[in-house]
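The values are calculated or read from the model by the stated rules, or taken from the named source; none is laboratory data. Only a predicted model underlies this, so the values are computations on that prediction, with no experimental measurement involved. Positions of Cβ are backbone-derived with ideal geometry, glycine not excepted, and every protein chain shown enters the neighbour counts. Protein only, heavy atoms only, side chains kept; ligands, DNA and RNA dropped before computing areas. Shrake-Rupley method; radii C 1.70, N 1.55, O 1.52, S 1.80 Å.
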Amino acid sequence: MSPIPCVTLPDGVGVPALGLGTWMMGEQRRRASHEAAALTQGLDLGMTLIDTAEMYGDGRAEEIVGLAIAGRRDDVFLVSKVYPHHAGRRSAIAACERSLKRLGTDRLDLYLLHWRGSIPLAETIAAFEQLRGDGKIVRWGVSNFDVDDLTLLFALPEGCRCATNQVLYHLGERGIEWTLLPWMRARGMPLMAYSPLGQGALLRRMELAAIASRLGATPAQVALAWLLRQRDLMLIPKAADPAHVAANRAANDVALDAAALAALDAAFPPPAGPSALAMG
Ligand SMILES: NC(=O)c1ccc[n+]([C@@H]2O[C@H](COP(=O)([O-])OP(=O)(O)OC[C@H]3O[C@@H](n4cnc5c(N)ncnc54)[C@H](OP(=O)(O)O)[C@@H]3O)[C@@H](O)[C@H]2O)c1
């Protein structure tokens, strides 16, 4: 297995391009140990970027992550997200402290605003900067921000400290290639792609299955390899099934030749023009 490449954040820190998502984990108590084991397996395979959120399972996904990272916190790049309605000057600090408790750690490597809400961005930045100053988060970023929101953010004092923007991006959802992705690349801000498998629906597309079978790979591996070859994206596929975790790790070794890339472009073209940012 070749090592997972790193993506460099604006502050120079490297993050594995292939990590682990946790949405839908923590929904059923009887599955908790199974889900924690899937995350542990991913960590053992070098997928040391974990994405979670206070929203997932009402905090129970963070507890599952806490089980998986116990005793190995320093080897993990830990991401969580604050609800927009908790993103105020004081409420974001309280929300972060609750997340830290559930995760069993003293700091997050990255704290994201889950999506834009009605609380002024300046207030959220002030809270994030206080958390950073207090060592409770190492850096912060946003999620589900289109170019107009990012432009507003970057116009605010300290707004350009934003480390990443986590958005929906996969073969079947390529709208960001028009403006958002080039905008972020021009500013050296790498993108974190969520739902890289289209929440599983992408994997049922016949065209993808045909291309994958020609390459001797699975549809999930081709979907991930197509994103990985862009070199500056962080992917956070979610898999509670250990076989899926192992297969996703192996996507790093799937080479897409010119014929495969052309076939993928033909089967999954980007939209013909700019569109509003899609959300999962
Ligand atoms: N910021 C946001 O607003 C936002 C929104 C959505 C997601 N996210 C983050 O992004 C992560 C990933 O997105 P997602 O959970 O929506 O969807 P996803 O990762 O695109 O797909 C997850 C689904 O694919 C299945 N799967 C995983 N690997 C597979 C494989 N190798 N072969 C076949 N099936 C496979 C999983 O099944 P099993 O679980 O059974 O293995 C699960 O049903 C989330 O978990 C979350 O951390 C963020």
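Checked against the criterion of being of a type outside the set (G, A, S) and on the phi > 0 side of the Ramachandran plot, region 253-276 has no qualifying residue.
Of all residues being in contact (Cβ under 8 Å) with a residue 40 or more places away in the chain, over 19 Å from R205 (Cβ atoms) and within 11 Å of the ligand (Cβ to nearest atom) in region 165-179, which is nearest to the chain's Cα centre (by Cα)? Just the residue, please. Before you say what the answer is, go through the steps one by one.
Pass one, region 165-179, residues in contact (Cβ under 8 Å) with a residue 40 or more places away in the chain: 166-179.
This time we only want the ones that are over 19 Å from R205 (Cβ atoms), so: 166-167, 176, 178-179.
Retained after the next criterion (residues that are within 11 Å of the ligand (Cβ to nearest atom)): 166-167.
Details: Q166: 6, V167: 8 Å.
Among them, the one singled out is Q166.
Can you tell me which residues in region 136-185 are assigned to a strand (DSSP E or B) and either among the small types (G, A, S) or within 21 Å of P270 (Cβ to Cβ) (or both)? Working first, answer last.
Of region 136-185, the ones assigned to a strand (DSSP E or B) are 137, 140-143, 165-168, 170, 173.
Matches in region 136-185: G141, S143, N165, Q166, V167, L168, H170, E173.
Within region 92-115, residues that are under 23 Å from A36 (Cα atoms) sit with their Cβ atoms under 6 Å from residues that are away from the ligand (no atom under 16 Å from the Cβ) and in a helix (DSSP H, G or I), at 6+ positions apart or across chains, in these pairs: C96/L131; T105/R73. Screening G42 with (1) in a loop (DSSP other than H, G, I, E, B); (2) within 14 Å of the ligand (Cβ to nearest atom); (3) under 18 Å from A251 (Cα atoms) gives one miss only, at (1).
Determine whether region 88-104 contains at least one residue that is closer than 23 Å to A251 by Cβ, of a type outside the set (D, E, K, R) and not in a loop (DSSP other than H, G, I, E, B). No; the residues of region 88-104 include none that is closer than 23 Å to A251 by Cβ, of a type outside the set (D, E, K, R) and not in a loop (DSSP other than H, G, I, E, B).
If a residue counts only when it is within 15 Å of the ligand (Cβ to nearest atom), which helices (runs of 4 or more DSSP H) contained entirely in region 202-280 have at least 1 such residues? I'd like the intermediate steps shown before the answer.
On the way: elements: 206-215, 219-228, 242-250, 258-267.
Passing ranges, in order: 206-215, 219-228, 242-250.
S118 meets the stated requirement of being of a type in the set (S, T, N, Q), outside any helix (DSSP H, G or I), at negative phi and at pLDDT 95 or above. None of F154, F145 is aromatic (F, W, Y) and away from the ligand (no atom under 16 Å from the Cβ) except F154. When G57 is tested against the conditions (1) open to solvent by 30 Å² or more (accessible area, probe 1.4 Å); (2) free of Cβ contacts under 8 Å to residues at least 40 places away in the same chain; (3) within 15 Å of the ligand (Cβ to nearest atom), the lone failure is (1). In a loop (DSSP other than H, G, I, E, B), open to solvent by less than 10 Å² (accessible area, probe 1.4 Å) and within 18 Å of A251 (Cβ to Cβ) - does that describe any residue in region 189-201? Yes: region 189-201 contains one or more residues that are in a loop (DSSP other than H, G, I, E, B), open to solvent by less than 10 Å² (accessible area, probe 1.4 Å) and within 18 Å of A251 (Cβ to Cβ).
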